[in-house]
Amino acid sequence: MAAPKRKTDRDALFEAVTNRDGLVCFMCGTAHSRASTMMVTQIDHDDEDVTNPDNAIMACKTCVRSRDKRPLMAYMKLRFN
């Protein structure tokens, strides 16, 4: 019998942010039907606590790649200009 899976901090963070925000991308506003198209990304990459759900947002993988670790507001300005 296989050992039960244990939740990692990353899984717990993903679950907490999904429960709070659903599967809607914070950056583009698209509602997704599958969790596999979504990622949790940090609002402030300089914050040391990467497990804090208050510093995390749900975003689609496309937006996360486009942001490329830019500050969130800088990315949003660039996106909407």
Seminar exercise, completed: If every Lys and Arg gets +1 and every Asp and Glu gets -1 at its Cβ, then about the Cα centre the chain yields a dipole, in debye to the nearest 20, of 500 debye
For this session: Please compute P(r) over all alpha-carbon pairs of the chain, binned at 5 Å starting from zero, and give each bin as a whole-number percent.
Result: 3, 15, 24, 23, 18, 8, 4, 2, 1, 1, 0, 0
For this session: For region 53-66, just list the computed ³J(HN,Hα) in residue order, Karplus coefficients 6.51, -1.76 and 1.60, θ = phi - 60°, integers in Hz, with x standing in for Gly and Pro.
Result: x, 6, 9, 10, 10, 8, 8, 6, 4, 4, 5, 5, 5, 5
For this session: Mind ranking 58-71, 19-32 by how tightly packed they are, going by the mean number of other C-beta atoms within 10 angstrom, highest first?
Result: 58-71, 19-32
For this session: Show the residues, 5+ positions off or on another chain, whose built amide H is closer than 5 Å to the amide H of Met27.
Result: Cys60
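Tell me, what is the per residue accessible area of the chain in Å², probe radius 1.4 Å?
72 Å²
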Exercise. Taking the Cα-to-Cβ direction at Ala12 and at Gln42 and moving 7 Å from each Cα, how far apart do the two end points lie in nm?
Worked result: 1.8 nm
Problem set entry | the chain - percent of accessible surface contributed by carbon and sulfur, probe 1.4 Å | 54 percent
Exercise. Which whole-number percentage describes the relative contact order of the chain, with Cα contacts under 8 Å and a sequence gap of 6 or more?
Worked result: 29 percent
Seminar exercise, completed: Projecting the Cα atoms of His32, Thr51, Tyr75 onto the charge dipole of the chain, where Lys and Arg contribute +1 and Asp and Glu -1 at Cβ, the residue farthest towards the positive end is His32
For this session: Report, to the nearest 10°, how far helix 9-21 tilts away from the longest principal axis of the Cα atoms in the chain, using its own Cα long axis and a range of 0 to 90°.
Result: 60 degrees
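The values are calculated or read from the model by the stated rules, or taken from the named source; none is laboratory data. Since we're looking at a predicted model, the values are computed, not measured. Virtual Cβ from ideal backbone geometry, glycine too; neighbours counted across all protein chains shown. Accessible surface areas use protein heavy atoms only, side chains included; no ligands, DNA or RNA. Shrake-Rupley method; radii C 1.70, N 1.55, O 1.52, S 1.80 Å.
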